[in-house]
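S.K.: Sharing a structure, written as C-alpha cells. Questions coming.
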Amino acid sequence: MDRRFAQTFRPRILLVGTEALHLRLPLMQQLREVGFEVSAAGALPQPEFNDSPFDYHQYSINRSFNPLGFRKSVRSLRDVIRRDVPDLVHAVNTIPCLVAPHAVRGTGVPCVRTVTGLGSLFSADTLLYRAMQAAFRFQHRRIRNVCESTIFQNPDDLVYFVENGLSPVDKVGLIYGSGIDVDGLALQCSSPKVLDELRTELNLHGKTVVTMVSRLMKVKGVDEFAATAAAVRKQRPDTAFLLIGPAVTNGPMAVSASILDGNADVQWLGLRHDIPDLLAISDVFALPTYLREGIPRVLFEAGALKLPLITTDTPGCRETVLDGENGFLIKPQSADALTEAVLKLLQSPERRREMGQRSYELMKQRFELTIVSAAYSELYRKSLGIDGTLDESIRIAA
C-alpha cells in the first residue's frame, strides 16, 4: 500500500531503550531539526524529558530471558507503539533490540535497531556465561529478518553478528555512537573561578590529575585503576587519581565500595552530575574497561575536552584512540600496562597537550553529533522508502 503525504508530513520515530535515553536528547533534537518527529520509550522515569519537546513513554521490561517476562515486555511495548503511532521504531540497548522486533509484528510498523555493545554477557568465559551467550544467539536468529537494518557502534560486533548468522550481511551498518556536540560540551563547563574552587574542594592544586568515570564494576577495570594509582603514587606522589561513578551492589561483576573507603591513592567521588567540570580539571583520562561496549560515551566527552586517553585495545574502545597519537591502547586486565601508560603521560605536560588536541580533532572527525544524526537520518529515509528530502513532496512505500 502506498501513502502520499504533503510537504508538512514529518515521519515519526519511536526510540526504544532502557534507562539512559536522556543521553540521546541532543541526537533527537538534531533529527527533529532535519524533519523528523521523535518520541521515546524507556524502562524508568526520565525527568529530563519533562522540559523537552519529545513525548516519553514508560514500558515494562524484563532483563532476563525468562519467557513469561519477555512476553510481558513485548505486550507492554506493543501498547506504547499503538498509542504513539510511529512510522518507524528504533530500538537501542540489548533487551530492547530483542523485544522491539517482536513488538512490531502485526502493527505494520518497520523496525531498525542499534546494538550498543555485547555487554557483560560477553565479558566472561564461564559455563554459565557460555550458556547465556548461546541463548542470546538463539534469540537473535529468531528475528534476524524482521528488522529493516541492524546498526552497530563498532566493527567487531558487526562481524560477530554476521559470522554467527544473527543478522543478514545486507542488513547491517556501522554508525559510531549516538554523537556528541564536541564544541558544545566545553560550553557546559563552569567558569574558571568555579573550576578553581572545585580543585580546592578536592585538594588538587599542584597535582596532575588522572580521572576515570565508570560504575563500580570489575569489567570496567576498577581494580586495575586502583592498583595503578598505588603504583604510580609511589613514584609520583604529586599525582591524584579520581574515580567517579556509582557503586554497583548486585551481580558477580560488582566491586565492593568498601575497598575504596579510606583508600589513600584513589579519591572515589561516587555519582556526580558535574562530569564536564571534573574532566575540565583533569590532565589524563583512563578507562581500562574490558566490558564488550558499543563505544563508551565518556571517552567521547573526555576527548572533546582535549584530554589524552588511555583505554583498552578492545571492541568499541579502540575506535576512540589512535595509539601514540591521542593516547594509548593497552592490554585489558593489566594494571602494569595501565601504570606504564600513565607514567608516560606524566613525563611531559607538552605531550599531554598535543595528545589532548589530537583527541579533540578525532572526536570532531568521527563522532560529531551532526555526522551521526546525518547517518541516522539517511537510515530512516532508506527504511521508510522516502524519495528526495523531507522538504519536498514525499512518497513512502509501506
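S.K.: Out of all the residues in segment 113-120, is one or more without any contact (Cβ under 8 Å) to a residue 40 or more places away in the chain and surrounded by fewer than 16 Cβ atoms within 10 Å (Cβ to Cβ)?
M.R.: Checked segment 113-120: no residue is without any contact (Cβ under 8 Å) to a residue 40 or more places away in the chain and surrounded by fewer than 16 Cβ atoms within 10 Å (Cβ to Cβ).
S.K.: Quick check on T200: is it outside any loop (DSSP other than H, G, I, E, B), surrounded by fewer than 16 Cβ atoms within 10 Å (Cβ to Cβ) and either in contact (Cβ under 8 Å) with a residue 24 or more places away in the chain or assigned by TED's automatic domain parsing to the domain that holds E293 (or both)?
M.R.: yes
S.K.: Pairs, please: C-beta under 8 Å, at least 6 apart or cross-chain, first residue farther than 13 Å from I95 by Cα and free of Cβ contacts under 8 Å to residues at least 12 places away in the same chain and in segment 129-140, second part of a helix (DSSP H, G or I) and of a type in the set (A, V, I, L, M)?
M.R.: Listed pairs, sorted by first residue: Y129/L121.
S.K.: State whether one or more residues within segment 259-270 are of a type in the set (F, W, Y), farther than 27 Å from D156 by Cα and at pLDDT 90 or above. Break it down stepwise before answering.
M.R.: First pass over segment 259-270, keeping only residues of a type in the set (F, W, Y): 268.
Then drop every residue that is not farther than 27 Å from D156 by Cα, which leaves 268.
After this cut, where a residue has to be at pLDDT 90 or above as well, the list is 268.
Within segment 259-270, one or more residues are of a type in the set (F, W, Y), farther than 27 Å from D156 by Cα and at pLDDT 90 or above.
S.K.: Identify, by number, the condition in (1) in a loop (DSSP other than H, G, I, E, B); (2) among the β-branched types (V, I, T); (3) touching a strand residue (DSSP E or B) at 6+ places or on another chain (Cβ under 7 Å) that I13 doesn't meet.
M.R.: (1)
S.K.: Additional query: What are the pairs, 6+ residues apart or on separate chains, where a residue within segment 165-187 that is assigned by TED's automatic domain parsing to the domain that holds L379 and under 30 Å from I275 (Cβ atoms) has its Cβ under 7 Å from a residue that is among the hydroxyl-bearing types (S, T, Y) and in a loop (DSSP other than H, G, I, E, B)?
M.R.: So the pair list comes out empty.
S.K.: What number of residues within segment 341-355 satisfy the criterion of being out of contact with any helix residue (DSSP H, G or I) (no Cβ under 8 Å at 6 or more places or on another chain) and among the hydrophobic types (A, V, I, L, M, F, W, C)?
M.R.: 1
S.K.: So which of L322, L329, L309 ends up being modelled with pLDDT of 95 or more and touching an Asp or Glu at 6+ places or on another chain (Cβ under 7 Å)? Can you show your working first?
M.R.: Values: L322 fails: touching an Asp or Glu at 6+ places or on another chain (Cβ under 7 Å); L309 fails: touching an Asp or Glu at 6+ places or on another chain (Cβ under 7 Å).
It is L329.
S.K.: Can you find even one residue in segment 94-116 that is in a helix (DSSP H, G or I), touching a Gly at 6+ places or on another chain (Cβ under 8 Å), within 23 Å of L291 (Cβ to Cβ) and among the polar types (S, T, N, Q)?
M.R.: Yes, that holds for at least one residue.
S.K.: For segment 29-77, what are the residues that are in a strand (DSSP E or B) and in contact with a Gly (Cβ under 6 Å, 6 or more places away or on another chain)?
M.R.: G42
S.K.: Mind checking whether some residue in segment 132-150 is assigned to a strand (DSSP E or B) and surrounded by 13 or more Cβ atoms within 10 Å (Cβ to Cβ)?
M.R.: First, pick out the residues of segment 132-150 that are assigned to a strand (DSSP E or B): 149-150.
Filter again for surrounded by 13 or more Cβ atoms within 10 Å (Cβ to Cβ), leaving 149-150.
Within segment 132-150, one or more residues are assigned to a strand (DSSP E or B) and surrounded by 13 or more Cβ atoms within 10 Å (Cβ to Cβ).
S.K.: Would you point out which residue out of F225, F285 is buried (at least 19 other Cβ atoms within 10 Å of the Cβ), over 30 Å from V372 (Cα atoms) and out of contact with any Gly (no Cβ under 7 Å at 6 or more places or on another chain)?
M.R.: F225
S.K.: Looking only at residues in segment 169-196 that are in contact with a helix residue (DSSP H, G or I) (Cβ under 6 Å, 6 or more places away or on another chain) and part of a loop (DSSP other than H, G, I, E, B), which one is nearest to P315 (Cα to Cα)?
M.R.: Y176
Let's see how each residue does on (1) assigned by TED's automatic domain parsing to the domain that holds M28; (2) in contact with a Pro (Cβ under 8 Å, 6 or more places away or on another chain); (3) of a type outside the set (G, A, S); (4) over 29 Å from V255 (Cα atoms):
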site	(1), (2), (3), (4)
P110	yes, no, yes, yes
V146	yes, yes, yes, yes
Q153	yes, no, yes, no
D157	yes, yes, yes, no
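S.K.: Among the helices (runs of 4 or more DSSP H) contained in segment 222-322, which hold 2 or more residues that are farther than 30 Å from D181 by Cβ and touching a residue at least 40 places away in the same chain (Cβ under 8 Å)? Break it down into steps so the answer makes sense when it comes.
M.R.: Working: elements: 222-235, 275-280, 297-304.
Ranges flagged: 222-235.
S.K.: Same structure, new question: So D183 passes all but one of these: (1) within 22 Å of the chain's Cα centre (by Cα); (2) under 30 Å from T339 (Cα atoms). Which condition number does it fail?
M.R.: (2)
S.K.: Take segment 326-340 and flag every residue that is in a helix (DSSP H, G or I) and in contact with a Gly (Cβ under 8 Å, 6 or more places away or on another chain).
M.R.: Let us first name the residues in segment 326-340 that are in a helix (DSSP H, G or I), namely 335-340.
The answer is L338, and nothing else.
The values are calculated or read from the model by the stated rules, or taken from the named source; none is laboratory data. Keep in mind that what you see is a predicted model, and the values were worked out from it rather than measured. Every residue, glycine among them, receives a Cβ derived from its backbone with ideal geometry; neighbour counts consider all protein chains shown.
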